[in-house]
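The values are calculated or read from the model by the stated rules, or taken from the named source; none is laboratory data. The shown structure was predicted, so the numbers you read here are calculated from the model rather than taken from an experiment. We place every Cβ from the backbone using ideal geometry, glycine too, and count neighbours over all the protein chains shown. Only protein heavy atoms, including side chains, enter the accessible area calculation; ligands, DNA and RNA are left aside. Shrake-Rupley method; radii C 1.70, N 1.55, O 1.52, S 1.80 Å.
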Amino acid sequence: MKAARAVPKVGFVSLGCPKATVDSERILTQLRAEGYQMVGDYAGADLVVVNTCGFIDAAVEESLEAIAEALQENGRVVVTGCLGAKDQGDFVRKVHPRVLAVTGPQENSAVLEAIHEALPPAHDPFDDLVPPQGLRLTPSHYAYLKISEGCNQSCSFCIIPSMRGKLVSRDPDAILREAEALVASGVQELLVISQDTGAYGVDRKYRTAFHQGRPLKARITDLCAALGELGVWVRLHYVYPYPHIDELLPLMASGKILPYLDVPLQHGSPRILKAMRRPAAAERTLERIQGWRAAVPDLTIRSTFIVGFPGETETEFAELLDFLRAAQLDRVGCFAYSPVDGAAANALPDSVPESEREERRARFMAVQQEISAARLRQQVGQLREVLIDAIHPDGSAVARSHADAPEIDGVVHLQNAQGRRVGERLHVRICDADEYDLFAVID
(Lines give C-alpha, C1' and ligand atoms only; values in the text may rest on other atoms or scores of the structure.)
Protein backbone atom coordinates (compact mmCIF):
# COMPACT_ATOMS: atom_id res chain seq x y z
CA MET A 1 0.00 0.00 0.00
CA LYS A 2 1.32 3.44 -0.94
CA ALA A 3 2.14 5.54 2.11
CA ALA A 4 0.00 8.63 2.57
CA ARG A 5 1.83 11.82 1.75
CA ALA A 6 1.79 14.80 4.05
CA VAL A 7 -0.20 17.59 2.42
CA PRO A 8 1.93 20.78 2.28
CA LYS A 9 0.11 23.68 3.94
CA VAL A 10 0.48 27.31 2.87
CA GLY A 11 -0.68 30.47 4.61
CA PHE A 12 -1.36 33.54 2.49
CA VAL A 13 -1.44 37.27 3.28
CA SER A 14 -2.72 39.47 0.44
CA LEU A 15 -2.31 43.25 0.69
CA GLY A 16 -2.88 46.17 -1.65
CA CYS A 17 -5.29 46.88 -4.48
CA PRO A 18 -7.75 44.61 -6.31
CA LYS A 19 -5.11 43.98 -9.00
CA ALA A 20 -2.92 42.42 -6.32
CA THR A 21 -5.94 40.44 -5.11
CA VAL A 22 -6.27 38.92 -8.59
CA ASP A 23 -2.56 38.03 -8.57
CA SER A 24 -3.09 36.31 -5.22
CA GLU A 25 -6.08 34.39 -6.54
CA ARG A 26 -4.06 33.10 -9.49
CA ILE A 27 -1.24 31.93 -7.25
CA LEU A 28 -3.69 30.26 -4.86
CA THR A 29 -5.45 28.52 -7.74
CA GLN A 30 -2.17 27.11 -9.03
CA LEU A 31 -1.12 25.99 -5.55
CA ARG A 32 -4.44 24.24 -5.04
CA ALA A 33 -4.05 22.48 -8.40
CA GLU A 34 -0.65 21.22 -7.26
CA GLY A 35 -2.04 19.70 -4.10
CA TYR A 36 -1.23 22.42 -1.56
CA GLN A 37 -3.70 23.09 1.23
CA MET A 38 -4.50 26.67 2.18
CA VAL A 39 -4.69 27.42 5.91
CA GLY A 40 -5.85 30.53 7.73
CA ASP A 41 -3.32 30.75 10.54
CA TYR A 42 0.44 30.95 10.87
CA ALA A 43 0.75 28.01 13.26
CA GLY A 44 -0.87 25.55 10.87
CA ALA A 45 1.18 26.59 7.84
CA ASP A 46 4.41 25.05 6.62
CA LEU A 47 5.17 28.28 4.80
CA VAL A 48 3.60 31.76 4.44
CA VAL A 49 3.35 33.87 1.29
CA VAL A 50 2.99 37.66 1.71
CA ASN A 51 1.77 39.54 -1.38
CA THR A 52 2.86 43.12 -0.70
CA CYS A 53 1.96 46.65 -1.78
CA GLY A 54 4.57 49.37 -2.25
CA PHE A 55 2.63 52.27 -3.73
CA ILE A 56 2.84 54.79 -0.87
CA ASP A 57 4.78 54.96 2.39
CA ALA A 58 1.85 53.72 4.47
CA ALA A 59 1.51 50.67 2.21
CA VAL A 60 5.24 49.96 2.45
CA GLU A 61 5.05 50.11 6.24
CA GLU A 62 2.01 47.82 6.31
CA SER A 63 3.77 45.31 4.05
CA LEU A 64 6.95 45.30 6.11
CA GLU A 65 4.92 44.80 9.29
CA ALA A 66 3.04 41.88 7.69
CA ILE A 67 6.32 40.25 6.70
CA ALA A 68 7.68 40.76 10.22
CA GLU A 69 4.60 39.19 11.77
CA ALA A 70 4.76 36.19 9.43
CA LEU A 71 8.45 35.70 10.22
CA GLN A 72 7.79 35.90 13.94
CA GLU A 73 4.78 33.59 13.95
CA ASN A 74 5.93 31.11 11.31
CA GLY A 75 9.52 31.73 10.26
CA ARG A 76 9.29 30.56 6.64
CA VAL A 77 8.16 33.40 4.38
CA VAL A 78 8.09 34.03 0.63
CA VAL A 79 7.51 37.67 -0.38
CA THR A 80 5.94 38.77 -3.66
CA GLY A 81 4.11 41.81 -5.05
CA CYS A 82 4.97 45.43 -5.74
CA LEU A 83 7.27 45.95 -2.76
CA GLY A 84 9.25 42.93 -3.94
CA ALA A 85 10.14 44.82 -7.12
CA LYS A 86 11.79 47.65 -5.21
CA ASP A 87 15.56 47.57 -5.80
CA GLN A 88 15.06 44.14 -7.39
CA GLY A 89 14.10 42.70 -4.03
CA ASP A 90 17.06 44.10 -2.09
CA PHE A 91 14.86 46.56 -0.18
CA VAL A 92 12.89 43.74 1.46
CA ARG A 93 15.99 41.59 2.01
CA LYS A 94 17.78 44.42 3.84
CA VAL A 95 14.87 44.88 6.24
CA HIS A 96 14.03 41.17 6.56
CA PRO A 97 17.07 39.08 5.57
CA ARG A 98 15.39 35.87 6.83
CA VAL A 99 12.80 35.70 4.05
CA LEU A 100 13.16 32.66 1.80
CA ALA A 101 12.63 34.50 -1.49
CA VAL A 102 11.47 37.84 -2.91
CA THR A 103 9.70 38.31 -6.25
CA GLY A 104 7.92 41.20 -7.91
CA PRO A 105 4.31 41.56 -9.11
CA GLN A 106 3.01 39.30 -11.90
CA GLU A 107 5.96 36.94 -11.34
CA ASN A 108 3.71 34.03 -10.51
CA SER A 109 6.09 31.43 -11.92
CA ALA A 110 8.91 32.74 -9.74
CA VAL A 111 6.65 32.66 -6.66
CA LEU A 112 5.69 29.05 -7.38
CA GLU A 113 9.31 28.07 -7.96
CA ALA A 114 10.28 29.58 -4.60
CA ILE A 115 7.46 27.69 -2.87
CA HIS A 116 8.36 24.44 -4.65
CA GLU A 117 11.97 24.78 -3.53
CA ALA A 118 11.09 25.42 0.11
CA LEU A 119 8.02 23.18 0.24
CA PRO A 120 7.77 20.59 -2.56
CA PRO A 121 4.27 19.97 -3.94
CA ALA A 122 2.31 16.80 -3.25
CA HIS A 123 0.15 16.83 -6.33
CA ASP A 124 -2.27 13.98 -6.93
CA PRO A 125 -4.56 14.66 -9.92
CA PHE A 126 -7.08 12.10 -8.67
CA ASP A 127 -7.49 13.79 -5.30
CA ASP A 128 -7.01 17.49 -6.07
CA LEU A 129 -10.07 19.23 -7.44
CA VAL A 130 -9.95 22.90 -8.38
CA PRO A 131 -13.18 24.69 -9.32
CA PRO A 132 -13.16 25.98 -12.93
CA GLN A 133 -13.43 29.60 -11.75
CA GLY A 134 -10.28 29.16 -9.63
CA LEU A 135 -9.82 30.07 -5.99
CA ARG A 136 -10.91 33.57 -5.04
CA LEU A 137 -10.50 35.88 -2.07
CA THR A 138 -13.74 37.79 -2.68
CA PRO A 139 -17.23 36.70 -1.62
CA SER A 140 -18.87 34.20 -3.95
CA HIS A 141 -21.27 36.74 -5.50
CA TYR A 142 -18.74 39.21 -6.94
CA ALA A 143 -15.30 38.92 -8.50
CA TYR A 144 -12.54 41.10 -9.90
CA LEU A 145 -11.78 40.58 -13.59
CA LYS A 146 -8.31 41.88 -14.49
CA ILE A 147 -8.02 42.69 -18.20
CA SER A 148 -4.45 43.99 -18.43
CA GLU A 149 -1.21 44.50 -16.56
CA GLY A 150 1.01 47.57 -16.36
CA CYS A 151 0.54 51.14 -17.54
CA ASN A 152 1.87 53.44 -20.28
CA GLN A 153 1.19 56.66 -18.34
CA SER A 154 4.01 58.62 -16.68
CA CYS A 155 2.26 60.42 -13.81
CA SER A 156 4.89 62.19 -11.73
CA PHE A 157 3.49 60.96 -8.39
CA CYS A 158 3.30 57.28 -9.38
CA ILE A 159 5.84 54.45 -9.63
CA ILE A 160 3.44 51.72 -10.72
CA PRO A 161 4.90 51.49 -14.28
CA SER A 162 8.35 50.85 -12.79
CA MET A 163 6.87 48.06 -10.67
CA ARG A 164 4.38 46.49 -13.06
CA GLY A 165 5.82 47.51 -16.41
CA LYS A 166 4.20 48.81 -19.58
CA LEU A 167 0.64 47.97 -20.61
CA VAL A 168 0.10 44.31 -21.51
CA SER A 169 -3.51 43.52 -22.43
CA ARG A 170 -4.90 40.02 -21.96
CA ASP A 171 -6.33 38.09 -24.86
CA PRO A 172 -10.05 38.97 -25.09
CA ASP A 173 -11.01 35.33 -25.53
CA ALA A 174 -9.22 34.44 -22.27
CA ILE A 175 -11.03 37.28 -20.48
CA LEU A 176 -14.44 36.14 -21.75
CA ARG A 177 -13.77 32.51 -20.84
CA GLU A 178 -12.79 33.55 -17.31
CA ALA A 179 -15.87 35.76 -17.02
CA GLU A 180 -18.15 32.97 -18.20
CA ALA A 181 -16.67 30.56 -15.66
CA LEU A 182 -17.20 33.11 -12.90
CA VAL A 183 -20.83 33.69 -13.89
CA ALA A 184 -21.41 29.93 -14.09
CA SER A 185 -20.14 29.66 -10.51
CA GLY A 186 -22.78 32.13 -9.26
CA VAL A 187 -21.00 35.49 -9.51
CA GLN A 188 -23.49 38.34 -9.89
CA GLU A 189 -21.05 41.23 -10.35
CA LEU A 190 -17.86 41.48 -12.40
CA LEU A 191 -15.56 44.32 -11.39
CA VAL A 192 -13.35 45.08 -14.38
CA ILE A 193 -9.94 46.28 -13.25
CA SER A 194 -6.49 47.13 -14.58
CA GLN A 195 -4.07 49.99 -14.09
CA ASP A 196 -5.57 51.85 -17.07
CA THR A 197 -8.83 50.16 -18.12
CA GLY A 198 -9.68 52.51 -20.99
CA ALA A 199 -6.34 51.74 -22.67
CA TYR A 200 -7.19 48.05 -22.98
CA GLY A 201 -6.02 46.66 -26.31
CA VAL A 202 -3.88 49.59 -27.47
CA ASP A 203 -0.74 47.43 -27.16
CA ARG A 204 -2.46 44.80 -29.32
CA LYS A 205 -3.39 47.52 -31.82
CA TYR A 206 -7.00 46.48 -31.19
CA ARG A 207 -6.50 43.28 -33.18
CA THR A 208 -9.46 40.95 -33.54
CA ALA A 209 -9.51 37.61 -31.75
CA PHE A 210 -12.23 34.95 -31.73
CA HIS A 211 -14.42 33.74 -28.91
CA GLN A 212 -16.53 30.65 -29.57
CA GLY A 213 -16.13 31.30 -33.30
CA ARG A 214 -17.27 34.94 -33.08
CA PRO A 215 -14.89 37.86 -33.77
CA LEU A 216 -13.98 39.97 -30.73
CA LYS A 217 -11.81 43.05 -31.02
CA ALA A 218 -9.31 43.76 -28.23
CA ARG A 219 -10.89 47.11 -27.38
CA ILE A 220 -12.63 48.22 -24.20
CA THR A 221 -15.94 49.01 -25.93
CA ASP A 222 -16.10 45.64 -27.68
CA LEU A 223 -15.02 43.78 -24.55
CA CYS A 224 -17.67 45.51 -22.42
CA ALA A 225 -20.35 44.77 -25.02
CA ALA A 226 -19.45 41.07 -24.80
CA LEU A 227 -19.37 41.11 -20.99
CA GLY A 228 -22.74 42.86 -21.00
CA GLU A 229 -24.30 39.80 -22.60
CA LEU A 230 -23.59 37.61 -19.56
CA GLY A 231 -26.57 38.88 -17.54
CA VAL A 232 -24.65 40.14 -14.49
CA TRP A 233 -23.53 43.52 -13.25
CA VAL A 234 -20.38 44.78 -15.02
CA ARG A 235 -18.60 47.62 -13.21
CA LEU A 236 -15.62 49.54 -14.64
CA HIS A 237 -12.74 50.76 -12.49
CA TYR A 238 -9.73 53.01 -13.16
CA VAL A 239 -11.02 54.51 -16.42
CA TYR A 240 -8.71 57.23 -17.73
CA PRO A 241 -10.97 59.73 -19.58
CA TYR A 242 -9.88 59.03 -23.16
CA PRO A 243 -12.22 60.36 -25.89
CA HIS A 244 -13.36 56.83 -26.84
CA ILE A 245 -14.75 56.30 -23.31
CA ASP A 246 -17.82 58.17 -24.61
CA GLU A 247 -18.55 55.04 -26.67
CA LEU A 248 -19.33 53.18 -23.43
CA LEU A 249 -22.29 55.43 -22.63
CA PRO A 250 -24.81 53.62 -24.91
CA LEU A 251 -23.90 50.35 -23.16
CA MET A 252 -24.67 52.01 -19.83
CA ALA A 253 -27.86 53.63 -21.06
CA SER A 254 -29.12 50.28 -22.36
CA GLY A 255 -28.30 48.43 -19.13
CA LYS A 256 -25.57 46.23 -20.63
CA ILE A 257 -23.01 47.53 -18.11
CA LEU A 258 -23.55 49.51 -14.92
CA PRO A 259 -23.86 53.31 -15.25
CA TYR A 260 -20.73 53.79 -13.14
CA LEU A 261 -17.42 55.39 -14.07
CA ASP A 262 -14.39 55.36 -11.79
CA VAL A 263 -12.28 58.16 -13.28
CA PRO A 264 -9.08 59.22 -11.45
CA LEU A 265 -9.14 63.00 -12.00
CA GLN A 266 -6.54 63.84 -9.28
CA HIS A 267 -6.92 67.67 -9.30
CA GLY A 268 -8.80 70.68 -10.69
CA SER A 269 -5.97 73.18 -11.18
CA PRO A 270 -4.43 73.22 -14.68
CA ARG A 271 -0.94 73.99 -13.37
CA ILE A 272 -1.01 71.23 -10.77
CA LEU A 273 -2.41 68.76 -13.30
CA LYS A 274 0.46 69.62 -15.62
CA ALA A 275 2.96 69.06 -12.80
CA MET A 276 1.29 65.71 -12.15
CA ARG A 277 1.61 64.91 -15.88
CA ARG A 278 -2.14 64.55 -16.15
CA PRO A 279 -4.51 66.11 -18.72
CA ALA A 280 -4.52 69.78 -17.76
CA ALA A 281 -7.84 70.94 -19.26
CA ALA A 282 -10.11 70.97 -16.19
CA GLU A 283 -12.72 72.97 -18.10
CA ARG A 284 -12.87 70.28 -20.77
CA THR A 285 -13.29 67.65 -18.06
CA LEU A 286 -16.32 69.50 -16.70
CA GLU A 287 -17.80 69.58 -20.20
CA ARG A 288 -17.22 65.83 -20.54
CA ILE A 289 -18.95 65.16 -17.22
CA GLN A 290 -21.94 67.25 -18.27
CA GLY A 291 -22.10 65.34 -21.55
CA TRP A 292 -21.90 61.97 -19.80
CA ARG A 293 -24.76 62.88 -17.48
CA ALA A 294 -26.87 64.18 -20.34
CA ALA A 295 -26.44 60.83 -22.12
CA VAL A 296 -26.89 58.70 -18.98
CA PRO A 297 -28.87 60.63 -16.31
CA ASP A 298 -28.43 57.82 -13.75
CA LEU A 299 -24.64 57.77 -14.15
CA THR A 300 -22.55 57.57 -10.98
CA ILE A 301 -19.10 59.13 -11.24
CA ARG A 302 -16.40 58.21 -8.78
CA SER A 303 -12.98 59.83 -8.59
CA THR A 304 -9.89 60.30 -6.44
CA PHE A 305 -7.88 63.45 -5.79
CA ILE A 306 -4.54 64.41 -4.28
CA VAL A 307 -4.18 67.54 -2.14
CA GLY A 308 -0.95 69.11 -0.98
CA PHE A 309 0.96 68.18 -4.13
CA PRO A 310 4.37 69.92 -4.31
CA GLY A 311 3.87 73.53 -5.33
CA GLU A 312 0.14 73.58 -4.61
CA THR A 313 -0.74 77.05 -3.33
CA GLU A 314 -3.84 78.06 -1.43
CA THR A 315 -5.14 79.61 -4.66
CA GLU A 316 -4.72 76.33 -6.54
CA PHE A 317 -6.34 74.40 -3.72
CA ALA A 318 -9.28 76.81 -3.98
CA GLU A 319 -9.41 76.02 -7.72
CA LEU A 320 -9.71 72.36 -6.79
CA LEU A 321 -12.60 73.06 -4.42
CA ASP A 322 -14.31 75.13 -7.14
CA PHE A 323 -13.89 72.21 -9.55
CA LEU A 324 -15.34 69.83 -6.97
CA ARG A 325 -18.41 72.02 -6.46
CA ALA A 326 -18.90 72.38 -10.22
CA ALA A 327 -18.44 68.68 -11.00
CA GLN A 328 -20.83 67.44 -8.28
CA LEU A 329 -19.23 64.00 -8.27
CA ASP A 330 -21.12 61.19 -6.55
CA ARG A 331 -18.28 59.28 -4.90
CA VAL A 332 -14.91 60.83 -4.06
CA GLY A 333 -11.76 59.76 -2.28
CA CYS A 334 -8.99 62.14 -1.28
CA PHE A 335 -5.37 61.56 -0.32
CA ALA A 336 -2.93 63.98 1.23
CA TYR A 337 0.16 63.85 -0.97
CA SER A 338 2.73 61.37 0.26
CA PRO A 339 6.22 61.24 -1.29
CA VAL A 340 6.90 57.88 -2.92
CA ASP A 341 10.49 56.72 -3.22
CA GLY A 342 11.42 56.81 -6.90
CA ALA A 343 8.60 59.14 -8.05
CA ALA A 344 9.50 62.11 -10.27
CA ALA A 345 7.38 64.44 -8.12
CA ASN A 346 9.94 64.16 -5.32
CA ALA A 347 12.19 66.55 -7.26
CA LEU A 348 9.55 69.27 -7.53
CA PRO A 349 10.10 72.44 -5.46
CA ASP A 350 7.88 74.03 -2.80
CA SER A 351 6.73 70.99 -0.87
CA VAL A 352 3.64 71.53 1.26
CA PRO A 353 4.08 70.86 5.01
CA GLU A 354 2.40 67.67 6.19
CA SER A 355 0.13 69.49 8.63
CA GLU A 356 -1.13 71.71 5.81
CA ARG A 357 -1.66 68.70 3.52
CA GLU A 358 -3.83 67.05 6.15
CA GLU A 359 -5.71 70.27 6.85
CA ARG A 360 -6.51 70.64 3.14
CA ARG A 361 -7.63 67.03 2.94
CA ALA A 362 -10.07 67.66 5.81
CA ARG A 363 -11.43 70.79 4.10
CA PHE A 364 -11.76 68.94 0.81
CA MET A 365 -13.71 66.09 2.38
CA ALA A 366 -16.00 68.52 4.23
CA VAL A 367 -17.02 70.05 0.89
CA GLN A 368 -17.50 66.62 -0.70
CA GLN A 369 -19.52 65.41 2.27
CA GLU A 370 -22.07 68.17 1.63
CA ILE A 371 -22.16 67.28 -2.08
CA SER A 372 -22.56 63.58 -1.38
CA ALA A 373 -25.34 64.14 1.15
CA ALA A 374 -27.27 66.38 -1.26
CA ARG A 375 -26.94 63.94 -4.17
CA LEU A 376 -28.02 60.99 -2.04
CA ARG A 377 -31.08 62.88 -0.74
CA GLN A 378 -32.25 63.19 -4.35
CA GLN A 379 -32.65 59.40 -4.44
CA VAL A 380 -35.15 59.22 -1.58
CA GLY A 381 -38.40 57.76 -2.88
CA GLN A 382 -36.77 56.12 -5.90
CA LEU A 383 -36.74 52.44 -6.80
CA ARG A 384 -33.26 50.87 -7.05
CA GLU A 385 -31.91 47.44 -7.87
CA VAL A 386 -29.46 46.26 -5.21
CA LEU A 387 -27.16 43.32 -4.62
CA ILE A 388 -27.15 41.90 -1.07
CA ASP A 389 -23.68 41.62 0.50
CA ALA A 390 -24.58 40.54 4.03
CA ILE A 391 -27.62 39.55 6.10
CA HIS A 392 -27.74 40.04 9.87
CA PRO A 393 -29.51 37.78 12.40
CA ASP A 394 -32.14 40.47 13.05
CA GLY A 395 -33.27 40.36 9.41
CA SER A 396 -31.54 43.57 8.36
CA ALA A 397 -29.08 43.49 5.48
CA VAL A 398 -26.29 45.42 3.78
CA ALA A 399 -26.62 45.80 0.04
CA ARG A 400 -25.20 47.89 -2.79
CA SER A 401 -26.77 49.67 -5.74
CA HIS A 402 -25.15 50.38 -9.11
CA ALA A 403 -23.58 53.43 -7.45
CA ASP A 404 -21.65 51.42 -4.87
CA ALA A 405 -18.46 49.49 -5.55
CA PRO A 406 -17.59 47.04 -2.76
CA GLU A 407 -15.35 48.26 0.05
CA ILE A 408 -14.78 51.76 -1.38
CA ASP A 409 -18.22 53.35 -1.75
CA GLY A 410 -21.31 53.59 0.42
CA VAL A 411 -23.95 50.92 1.00
CA VAL A 412 -27.72 50.50 1.10
CA HIS A 413 -29.07 49.44 4.50
CA LEU A 414 -32.18 47.20 4.36
CA GLN A 415 -34.43 46.61 7.36
CA ASN A 416 -36.78 43.91 6.06
CA ALA A 417 -34.56 41.29 4.42
CA GLN A 418 -35.89 38.21 6.20
CA GLY A 419 -35.81 35.20 3.90
CA ARG A 420 -33.40 36.82 1.47
CA ARG A 421 -29.90 35.57 0.68
CA VAL A 422 -26.43 36.99 0.08
CA GLY A 423 -25.84 37.52 -3.62
CA GLU A 424 -29.52 38.10 -4.40
CA ARG A 425 -30.47 40.99 -6.66
CA LEU A 426 -33.78 42.70 -5.92
CA HIS A 427 -35.55 46.05 -6.13
CA VAL A 428 -35.91 48.28 -3.08
CA ARG A 429 -37.45 51.67 -2.30
CA ILE A 430 -35.06 54.33 -0.92
CA CYS A 431 -36.56 55.87 2.21
CA ASP A 432 -33.68 57.87 3.75
CA ALA A 433 -30.07 58.96 3.23
CA ASP A 434 -27.10 60.31 5.14
CA GLU A 435 -23.75 61.66 3.92
CA TYR A 436 -22.58 58.39 2.33
CA ASP A 437 -25.23 55.65 2.67
CA LEU A 438 -28.83 54.98 1.69
CA PHE A 439 -31.60 53.33 3.71
CA ALA A 440 -34.29 51.31 1.97
CA VAL A 441 -37.11 48.80 2.27
CA ILE A 442 -37.87 45.94 -0.07
CA ASP A 443 -40.62 47.22 -2.34
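Quick notes on this structure:
- In segment 1-96, inverting the average of 1/r over every pair of distinct C-alpha atoms gives 14.0 Å as the Kirkwood radius.
- Legend note: in the chain, cysteines whose Cβ sits 4.7 Å or more from every other cysteine Cβ are 17, 53, 82, 151, 224, 334, 431.
- Along the chain, longest interval not containing exposed trypsin sites (Lys or Arg not before Pro), exposed being DSSP loop plus at most 14 other Cβ atoms within 10 Å: 208-420
- Under-5 Å amide H pairs with residue 352, H placed in peptide plane, nonlocal only: 311
- Normalising by residue count, segment 281-412 has a Cα convex hull of 159 Å³ per residue.
- 1.4 Å probe accessible area per residue over the chain, in Å²: 44
- Taking the empirical scaling 2.2 N^0.38 Å for compact globular proteins as reference, segment 77-228 has a Cα radius of gyration ratio of 1.22.
- Sites matching chymotrypsin sites (Phe, Trp or Tyr not before Pro) across segment 197-278 that sit in DSSP coil, with at most 16 neighbouring C-beta atoms within 10 Å: 206
- Computed over the chain, the P(r) curve from all C-alpha pair distances, binned at 20 Å from the origin, holds 23, 55, 21, 1 percent per bin.
- For segment 347-429, the Kirkwood estimate of the hydrodynamic radius, built from every pair of different alpha carbons, is 15.4 Å.
- Evaluated at q = 0.12 Å⁻¹, a Debye calculation over the C-alpha positions of segment 213-292 (equal weights, vacuum) places log10 I(q)/I(0) at -0.42.
- Sites residue 394 and residue 338, calculated FRET efficiency, Cβ-Cβ separation with R0 41 Å, nearest 0.05: 0.50
- Close amide H partners of residue 201, meaning residues 5 or more places away or on another chain with modelled amide H under 5 Å apart, are 169.
- An ellipsoid equivalent to segment 392-443, defined through the eigenvalues of its Cα gyration tensor, has semi-axes of 17, 13, 10 Å when rounded to whole angstrom and sorted largest first.
- Cut-off under 5 Å, modelled amide H: who pairs with residue 101 long-range: 79
- Length available on full extension from residue 277 to residue 424: 0.36 nm per residue minus the Cα-Cα distance, which gives 48.7 nm.
- Take every DSSP beta bridge whose two residues both sit in the chain; close to 40 percent of them are antiparallel.
- ³J(HN,Hα) computed for each position of segment 25-42 - Karplus, 6.51 cos²θ - 1.76 cosθ + 1.60, integer Hz, glycine/proline x: 4, 5, 5, 4, 4, 5, 4, 4, 5, 8, x, 6, 10, 8, 10, x, 9, 5
- Relative pair counts by distance (%), Cα atoms of segment 310-374, 10 Å bins: 19, 47, 27, 6, 0
- 3J(HN,Hα) from dihedral phi, segment 310-325, Karplus parametrisation 6.51/-1.76/1.60, rounded to Hz, x for glycine, proline: x, x, 5, 8, 4, 5, 6, 5, 5, 4, 5, 5, 5, 4, 4, 5
- 3J(HN,Hα) from dihedral phi, segment 407-422, Karplus parametrisation 6.51/-1.76/1.60, rounded to Hz, x for glycine, proline: 6, 10, 10, x, 9, 10, 8, 10, 9, 10, 9, 4, x, 8, 9, 4
- All Cα-Cα separations within segment 162-264 were binned at 5 Å from zero, giving a P(r) of 2, 13, 24, 25, 22, 10, 3, 0, each value a whole percent of the pairs.
- Note on residue 254 and residue 436: the extension gain reaches 62.8 nm, defined as 0.36 nm multiplied by sequence separation minus the Cα-Cα distance.
- C-alpha center-to-center spacing [segment 8-74, segment 209-284] in angstrom: 31
- Over the chain, DSSP H runs of length four or greater, each weighted -39,500 (n - 2.57), average out per residue to a 222 nm ellipticity of -9500 deg cm²/dmol.
- Were the residues from residue 370 through residue 298 laid out at 0.36 nm apart, the gain over their Cα-Cα distance would be 24.0 nm.
- Share of carbon and sulfur in the accessible heavy-atom surface of segment 314-427 [1.4 Å probe, %]: 49
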